[in-house]
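Input: a single structure, listed below in structure tokens.
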Amino acid sequence: MNAMRVEINPEVAAFLAREHRLFIDGEWSAAVSGARIAVFDPATGSQIASVPRAGAEDVDRAVAAAHRAHESGVWSGLPPATRERVLLRLADLIEAHAEELAQLETCNQGKSINISRMIDVGASPSYLRYVAGLATKITGETFDVSIQAIPGARFNAYTRREPIGVVAAIAPWNFPLAIGLWKVAPALAAGCTVVLKPSEVTPLTSLRLAELALEAGAPPGVLNVVTGDGQAGQALVAHPLVSKVTFTGSTATGKAIARAAADRMARTSLELGGKNPAIFLKDAPLEQAVNGALVAAFFNNGQVCAAASRLYVAREIYSDFVDALSAAARGMSLGPGLDPAAQINPLVSAEHRDKVLSHVSRAREGGARIIAGGAAPPGAGYFIEPTVIVDAAESLPICRQEVFGPVVTITPFDDERDAIRMANDTPMGLGASLWTNDLKKTMDYVPRLKAGTVWVNCHVFVDPNMPFGGYKESGVGRDFGIRALEPYTELKSVCIAH
Ligand code: NAD
């Protein structure tokens, strides 16, 4: 065993050993069916916990609790500054339990403890504090009214933003706690009540979050957590008392949710998959470009919606870039997330590892060349070597479909217009990056890239103050930013004749 490996804290071991339950109305309860889902450590493949597999009856109990809490006004009726204070306390509690939460995330998700510490847990208090501050800034507008339908009458018209009601928050497995909070926090700040369903693969930190939210002062029923698979998600989306679904996950699931929600006009915010390009122009400094590409492609083992999975590189620097990137990829160390020195960690599940490997095999069969990695090393755990692919025809699935693993294609271009065309030529449009110091080209190309975020000389950087979401099939709506609460409100116009 590596001497650097982090030993898990006693409170993490104790949490893992618990008999986990659903968190409904401020209390823990088993699933009605008694069914459970096994939870694994991706670094070893061994089971570390199990959680209830919520069924439709459990989802109904959770939604009913959230609905009662909403209707009673126990949360929406509080002064906004009180809701703000609860969220600020939650941020403090996350900070106070940071190491515990980071270790728990790494044990369950497999990611590097460095990422858990810095991003999943480390960045969450700042995000929560940003959103908490928005609770006291919900405003409407006043209007002058022109049409004189009633002779002599005068009107006063204004809008108010009201909490939308019960929000179903459905989260993926790549940043379980952080993305769970991206859904839950704006809903709570707006005065909504929430049922959070984490991914069945990574439910543990959400259960701990439920306890911390109660400790922070969220009244029972305001935040409920149900663990379960896609069927529990479906039951939530279909529930007549759920007013809004906020979802982060794959495009396929997002489409299924959009269709189901449309049946009863439930509101949706959908943050979906990406097939994100990074374009390196000929003036991009090579070392900075290669280091940037490594992070963009392999951060969190490529399990990042905005990861750069297609690199387009100017012919003038292509061969040096390919040599440097593939050498760096071959030199990356593989190891468990609890080893802070390991640069590549396991993927989240055996199923996902096999899916990523099949993408690589299909690319090879399609005539692409794998010049680094491409295999799963022998031994336990769901590892895949960082993989660099060249000579992949643009029509191959590897260039069009999201892989969501440490796999990147590199394609040369002679004409920059071709690079922009290829970058835009997928159904997705989450993020894109441009690497150049040429200001004129930057200003010319940024508007032409069809992506919700365009980074220049960086990639995958997100901030609570910067709206984040997708063009095209990468989603509907935006997380973050000063208007982050609006999707959790209904806009009511009030017209008073006097
Ligand atoms: P997924 O779509 O398989 O699952 C996401 C969640 O949806 C899980 O909780 C799952 O149980 C639930 N679910 C599955 N089927 C459902 C259904 N029919 N109805 C309701 N809920 C259902 O996604 P994943 O594999 O957990 O996560 C990876 C995906 O998430 C990738 O595509 C990635 O790009 C995307 N993602 C997007 C963003 C973003 O901000 N755009 C961020 C992170 C991840």
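Here are some notes:
- Here each label is just a point 7 Å from Cα along the line to Cβ, and for residue 231 and residue 448 those points are 5.1 nm apart.
- Set of lysines near residue 183 by C-alpha distance (under 16 Å), chain-local residues within fewer than 8 positions excluded: 197, 244
- Cα point-scatterer Debye curve for segment 276-463, base-10 log of I(q)/I(0) at q = 0.09, 0.10 Å⁻¹: -0.29, -0.36
- Nearby aspartates and glutamates by direct alpha-carbon distance to residue 492 (threshold 14 angstrom, same-chain neighbours under 8 apart not counted): 141, 162
- Among 274-282, 7-15, sorting by the average number of other beta carbon atoms lying within 10 angstrom of each residue, highest first, gives 274-282, 7-15.
- Measuring nothing but protein heavy atoms, the accessible surface of the chain at 1.4 Å probe radius is 55 percent carbon and sulfur.
- Range of Cα positions in the chain per principal axis (Å), largest first: 75, 61, 38
- Ellipticity estimate at 222 nm from DSSP helix runs (n ≥ 4, -39,500 (n - 2.57)) divided over the chain, nearest 500: -11000 deg cm²/dmol
- Cα gyration tensor shape of segment 205-285, rounded if a/c is under 1.5, else prolate or oblate by comparing a/b with b/c: oblate
- Gain on full stretching of the segment that runs from residue 141 to residue 4 - 0.36 nm per residue minus C-alpha separation: 43.6 nm
- Accessible area of the chain divided out per residue, in Å², using a probe of 1.4 angstrom: 40 Å²
- Dipole in debye (nearest 20) - segment 1-118, about Cα centre, beta carbon charges: Lys, Arg +1; Asp, Glu -1: 140 debye
- Annotation: extensible slack from residue 264 through residue 400 equals 45.7 nm (criterion: 0.36 nm per residue apart, minus Cα-Cα distance).
- Most simply put, the chain has about 40% antiparallel DSSP beta bridges, counting only bridges with both residues inside it.
- Pairs spanning more than 27 Å between alpha-carbon atoms, out of 111/450; 111/355; 282/472; 137/441: 111/450; 282/472; 137/441.
- Aspartates and glutamates whose Cα lies under 17 Å from that of residue 440, excluding same-chain neighbours fewer than 8 positions away: 283, 415, 416
The values are calculated or read from the model by the stated rules, or taken from the named source; none is laboratory data. These figures come from a predicted structure and were not determined experimentally. Glycine gets a Cβ as well: all are built from the backbone with ideal geometry, and neighbour counts include every protein chain shown. Just the protein is used for accessible areas: all its heavy atoms, side chains included, with ligands, DNA and RNA removed. Shrake-Rupley method; radii C 1.70, N 1.55, O 1.52, S 1.80 Å.
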